[in-house]
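Throughout, read-outs are computed from the coordinates displayed, never taken from laboratory work. The shown structure was predicted, so the numbers you read here are calculated from the model rather than taken from an experiment. For neighbour counting, all protein chains shown are included, and Cβ atoms are generated from backbone atoms with ideal geometry for every residue, glycine included.
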Amino acid sequence: MSPRDSSRETAEDTRRPVLPPEQQDALRRAVRLEWTTLAVMAVTVAVVGLTTGQSQAMKAAWIEDCLSLLPPIAFLVASRRIRRPSDRDHPYGHHRSIGVAHLVAAVALLVMGTFLVVDSATGLLTAEKPPIGIMVLFGQPLWSGWVMIAVMAASGVAPVVLGRKKIALARTLHDKVLYADADMNKADWSTAVATIVGLVGIGLGLWWLDAVAALVVAASIISDGVKNLRAAVRGLTDARARSYDEKEPHPLTGQVEEHALGVRWVADAAARVRDEGHVFHVELFVVPRPGQDPPAVELAGLRDSVRELDWKLHDVVVALVPEVPGFQAPR
Amino acid sequence: MMLPRRSAARAVLAIGLALLGTAGCAGPFPADSEDTLARASGGTLRVGVSENPPWTEVGDDGSVSGVEAELVTRYAAEIGSRVEWTPGAESVLAQEVAAGRLDMLVGGLTSRSPWSSEVALTRPWGTATGPDGQQQELVMGVRLGENALLVSLETFLAEQERG
């Protein structure tokens with residue numbers, strides 16, 4: 001039983017903005033940030049590509065910069081798609097595209113970490129000793145290592161600033177793609193530092209330091225990739241909704257049940273909530289008190305009041321049941 | 001090695017700062033990993049030469065001449081070193097350099113040389129027209145990891161270029 005046929009349901013209702021003003025604003029800023037990220041990364045990719053030379057570490061940093069273009073692109077594509085209203089072919093709307101983008105971002109992180117590990121481990125095992133010679137700048141010979149260090153330092157600054165801003169917006173938007181992308185930006189920053197350490201190591205004649213520094217950073221990037229991949233898969237396979245950073249089950253599930261239990265005619269209530277991206281899809285099973293037989297309007301009222309609890313409770317279905325079905329809403 | 005990102009980054013940063021600190025008071029920067037430049041200065045520079053006129057020519061008596069050979073001799077004189085030539089085939093000499101039995105490799109190598117994983121190719125010291133009629137950059141080979149030697153040689157080559 002569903003309240004879909006309620007008289008209060010109008011065509012306009014499905015078309016009203018999904019996100020409240022604060023989140024709309026956050027989304028707009030996030031889109032702007034991601035465009036900035038793309039522009040900055042494109043410049044970085046070009047400049048690092050030009051100064052790379054024979055250095056393996058710089059080559060790795062370059063490939064990593066290329067990979068970090070993926071999450072912003074995924075985010076921008078997804079944030080466009082979610083604007084579409086639900087229709088007959090997409091009865092749940094388009095919000096899941098955020099989940100798909102999250103998967104793309106997670107895979108990008110994982111590939112980047114794996115690539116770095118393989119690259120620096122082979123460098124270490126085969127004792128690759130990166131040669132770095134000079135460059136002639138304005139008629140003066142200058143060790144290319146200094147130029148590379150300057151480029152890496154400059155390319156590490158923007159991601160730190162962008163990453164910090166993105167984390168704040170990810171919280172407001174409950175956006176896991178943005179969160180994963182912010183993680184990626186932090187990874188960019190730490191690989192920049194690792195590359196600088198490696199270059200200084202080369203300068204000191206410690207050829208192995210390059211590979212070791214890269215390995216340390218790669219290990220932490222892989223762990224982030226795995227964390228994000230698990231989270232993305234959890235989301236796409238309808239696991240219990242969790243907070244934007246995956247640290248805890250989302251508190252809204254409990255709040256929805258409590259709210260339902262507060263209704264006069266409700267004896268028992270259980271909700272199953274899945275994460276559609278920014279918003280949640282809620283199925284609420286309610287058991288009426290003995291002798292109560294609430295009409296459809298009552299159910300629609302309950303549904304609307306649940307939706308008003310939080311902007312994230314976007315798609316809510318209330319089902320009247322004689323008892324909470326254990327296989328649908330396990331406790 | 002699953003360090004949390006923050007502590008990993010901090011550790012890397014700390015190592016980096018410590019290294020930068022020691023960089024100021026240690027010898028040449030960049031340094032060699034096997035101290036080749038220090039050993040060659042005031043001693044011998046072991047150079048593998050493959051014959052490739054007019055850049056390098058090996059006489060019957062073992063004497064080495066040619067434009068590039070002269071350049072190497074002049075460089076050696078500048079660092080107070082004497083050249084010890086080892087004639088041979090490019091592929092064999094490249095492996096000898098990689099194994100550390102030679103310090104350098106010359107013989108009209110171009111920047112498109114296939115030996116870039118055996119030796120470090122220097123910045124170009126001249127250009128020549130290749131067999132395909134295309135302009136090619138002439139480079140020398142230096143033992144990998146010996147960046148003090150590489151920088152010292154490249155600085156010399158850059159000075160020659162300016163005249």
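For chain A, what number results from the quotient of the Cα radius of gyration and 2.2 N^0.38 Å? Don't skip to the end; give the middle numbers.
Details: Rg = 25.3 Å, N = 331, 2.2 N^0.38 = 20.0 Å.
Scaled against compact globular proteins, the figure is 1.27.
Equivalent ellipsoid semi-axes for the stretch A:176-322, as square roots of 5 times the alpha carbon gyration tensor eigenvalues: give them largest first, rounded to whole Å.
52, 12, 10
Give me the three principal axis extents of the stretch A:247-321 from the C-alpha atoms, as integers in angstrom, largest value leading.
Reported extents, whole Å, longest axis first: 42, 21, 17.
Below 8 Å between Cα atoms, with a sequence gap of 6+, how large is the relative contact order for chain A in percent? Display every interim value, and only then the final one.
Values: 512 pairs, mean separation 66.9, N = 331.
Here the relative contact order equals 20 percent.
Span-like helices, chain A: DSSP H, alpha-carbon axial extent 27 Å or more, mean Kyte-Doolittle -1.0 or greater, which ones? Each step should come with its number before you reach the end.
Values: long enough: A:21-51 (45 Å, 0.47); A:97-125 (42 Å, 1.91); A:144-173 (44 Å, 1.11); A:176-203 (40 Å, 0.60); A:208-236 (41 Å, 1.07).
Taking the DSSP H segments of chain A (at least 27 Å long, mean hydropathy at least -1.0), we get A:21-51, A:97-125, A:144-173, A:176-203, A:208-236.
Note down the Stokes-Einstein diffusion coefficient of the stretch A:205-269 in µm²/s, whole number, using a Kirkwood radius over alpha carbon pairs, 37 °C, and 0.692 mPa s.
Details: Rh = 15.5 Å.
The estimated diffusion coefficient comes to 212 µm²/s.
As a footprinting exposure proxy, order A:75, A:280, A:115 by other Cβ within 10 Å, with the fewest listed first. Working shown, then result.
Details: A:75 28, A:280 24, A:115 17.
Ordered from fewest to most neighbouring Cβ atoms within 10 Å, A:75, A:280, A:115 come out as A:115, A:280, A:75.
Can you tell me the alpha carbon radius of gyration of the stretch A:88-144 divided by the globular rule-of-thumb value 2.2 N^0.38 Å? Provide the component values of the computation, followed by the final result.
Values: Rg = 22.7 Å, N = 57, 2.2 N^0.38 = 10.2 Å.
Here the Cα radius of gyration is 2.22 times the empirical estimate.
When chain A is treated as a GNM, springs tying every alpha-carbon pair under 10 Å, which of A:130, A:91, A:71 comes out with the largest mean-square fluctuation?
A:91
GNM on chain A, C-alpha springs below 10 Å: top fluctuator among A:32, A:240, A:264?
A:264
Can you find, among A:220, A:233, A:139, the residue sitting farthest towards the positive end of the charge dipole of the stretch A:3-236, where Lys and Arg contribute +1 and Asp and Glu -1 at Cβ?
A:233
Among A:243, A:155, B:113, whose Cα projects farthest towards the positive end of the dipole of the protein assembly as shown, with charges put on the beta-carbon of Lys, Arg (+1) and Asp, Glu (-1)?
It is A:243.
The stretch B:39-128: which chymotrypsin sites (Phe, Trp or Tyr not before Pro) are DSSP loop and have at most 13 other beta-carbon atoms within 10 angstrom?
On the way: sites: B:55, B:75, B:85, B:115, B:125; in loops: B:55, B:115, B:125.
Counting only loop positions with at most 13 other Cβ atoms within 10 Å, none of the chymotrypsin sites (Phe, Trp or Tyr not before Pro) in the stretch B:39-128 qualifies.
Given springs between every Cα pair under 10 Å in a Gaussian network model of chain A, which of A:191, A:237, A:253 has the largest fluctuation?
Checking each option, the largest mean-square fluctuation is seen for A:237.
Remind me, what semi-axes does the stretch B:27-135 give for its equivalent ellipsoid, largest first in whole Å, using sqrt of 5 times each Cα gyration tensor eigenvalue? Don't skip to the answer; put the middle values down first.
Values: eigenvalues 101, 57, 39 Å².
That gives 23, 17, 14 Å for the three semi-axes.
Remind me, what semi-axes does the stretch A:56-168 give for its equivalent ellipsoid, largest first in whole Å, using sqrt of 5 times each Cα gyration tensor eigenvalue?
40, 18, 10
Among A:79, B:87, A:62, which residue has its Cα furthest toward the positive end of the charge dipole of the protein assembly as shown, with +1 on Lys/Arg Cβ and -1 on Asp/Glu Cβ?
A:79
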